[in-house]
1. Output the number of the condition that A85 fails; it satisfies all remaining conditions of (1) of a type outside the set (F, W, Y); (2) farther than 20 Å from K237 by Cα; (3) in a loop (DSSP other than H, G, I, E, B).
2. Go through (1) over 30 Å from G72 (Cα atoms); (2) within 16 Å of the ligand (Cβ to nearest atom) one by one and return the number of the condition L211 breaks.
3. Name every residue in the range 140-151 that is open to solvent by less than 50 Å² (accessible area, probe 1.4 Å) and closer than 27 Å to Y252 by Cα, in order of residue number.
4. Taking the criterion of being closer than 19 Å to Y111 by Cβ, in contact with a Phe, Trp or Tyr (Cβ under 7 Å, 6 or more places away or on another chain), open to solvent by less than 10 Å² (accessible area, probe 1.4 Å) and within 9 Å of the ligand (Cβ to nearest atom), would at least one residue in the range 17-34 satisfy it?
5. Kindly indicate whether V113 is out of contact with any Leu (no Cβ under 7 Å at 6 or more places or on another chain), open to solvent by less than 20 Å² (accessible area, probe 1.4 Å), among the β-branched types (V, I, T) and away from the ligand (no atom under 16 Å from the Cβ).
6. For the range 74-97, name all the residues that are under 16 Å from R117 (Cα atoms) and open to solvent by less than 40 Å² (accessible area, probe 1.4 Å).
7. So T122 fits all but one of (1) closer than 25 Å to E254 by Cα; (2) of a type in the set (V, I, T); (3) open to solvent by 10 Å² or more (accessible area, probe 1.4 Å); what number is the exception?
8. Which one of these is hydrophobic (A, V, I, L, M, F, W, C), at pLDDT 95 or above and part of a helix (DSSP H, G or I): V112, V100?
Amino acid sequence: TDFKSDKQPTWCPGCGDFGTMNGMMKALAETGNDPDNTFVVAGIGCSGKIGTYMHSYALHGVHGRALPVGTGVKMARPDIEVMVAGGDGDGYSIGAGHFVHAVRRNVDMTYVVMDNRIYGLTKGQASPTSRSDFETSTTPEGPKQPPVNPLALALASGASFIAQSFSSDALRHQEIIQEAIEHDGFGFVNVFSPCVTFNDVDTYDYFRDSLVDLQEEEDHDPDDYEAAKEVILDSEKEYQGVMYKNEDSVPYHEKHGVTEDMSDIPDGAPEDAMDLVREFY
Ligand code: SF4
């Protein structure tokens with residue numbers, strides 16, 4: 001697609017991040033976006049390289065701080081498409097505080113977390129979503145604490161859109177990201193994106209065999225909060241699909257009258273800095 005840059009990814013062959021990124025690029029194109037109106041903010045980690053591999057405006061943020069940067073971009077330019085991407089280590093550990101507050105602000109952007117349940121870039125340490133018995137070099141007997149449930153964290157923080165996909169189920173993954181982009185508000189998608197080098201538990205085969213697609217559960221209504229809660233807190237099964245979607249969601253910039261008129265910048269803002277911003281946009 002137009003969203004592919006000319007940089008060759010340095011991800012390990014077979015890494016789930018390839019599929020995650022392909023789905024993101026296709027979903028952006030399908031929803032009528034192009035590189036000129038799209039801003040990708042990435043975190044740190046293997047997943048964080050995505051801003052280089054996608055052709056759009058992009059910023060490689062600080063570890064765990066991609067969401068505040070995305071929020072700033074969207075507040076300055078509500079008319080452009082903002083997509084924030086990161087990993088489970090980046091987003092649910094050092095970035096967990098930002099995650100909660102971005103969710104409750106309901107800024108109109110899409111947050112894609114490439115969840116491989118391990119720190120890949122630093123060579124295989126337990127992450128917030130690793131299983132409690134997952135053995136790594138730094139946790140030889142496992143982390144001995146239950147993993148974070150990012151979907152439950154989002155629900156408890158007042159999310160308006162919660163979904164989960166699997167990078168290898170290309171079409172479903174793309175559809176789910178599309179729905180997140182089209183949602184009026186904060187579209188959160190946790191994407192199972194296997195690390196083929198350091199995680200031999202949460203593998204392609206594991207997700208292929210165990211994931212239940214909510215599309216096949218005919219009675220699941222994403223607009224039903226109680227139904228969403230049931231699916232998200234189900235400790236027996238893992239699901240893909242849109243778990244929760246508040247159809248009455250009003251994004252932050254609409255609720256609070258943030259406009260795209262740059263002349264609204266308050267008096268006293270450092271003039272040279274603002275000139276830079278204007279030039280950039
Ligand atoms: Fe992907 Fe894991 Fe390799 Fe990182 S270390 S590029 S997450 S396979």
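1. (3)
2. Condition (2) is where L211 drops out.
3. Within the range 140-151, P150, L151 qualify.
4. yes
5. So V113 does not fit the description; no.
6. Within the range 74-97, A85, G86, G87, D88, G89, D90, G91, Y92, G95, A96 meet the criteria.
7. Answer for T122: the failing condition is (1).
8. V100
The values are calculated or read from the model by the stated rules, or taken from the named source; none is laboratory data. What you are looking at is a predicted structure, and each value in this text was computed from that prediction instead of being measured. Cβ coordinates were reconstructed from backbone atoms using ideal geometry, including for glycine residues, and neighbour counts include every protein chain displayed. Heavy atoms of the whole protein, side chains included, go into the accessibility calculation; ligands, DNA and RNA do not. Shrake-Rupley method; radii C 1.70, N 1.55, O 1.52, S 1.80 Å.
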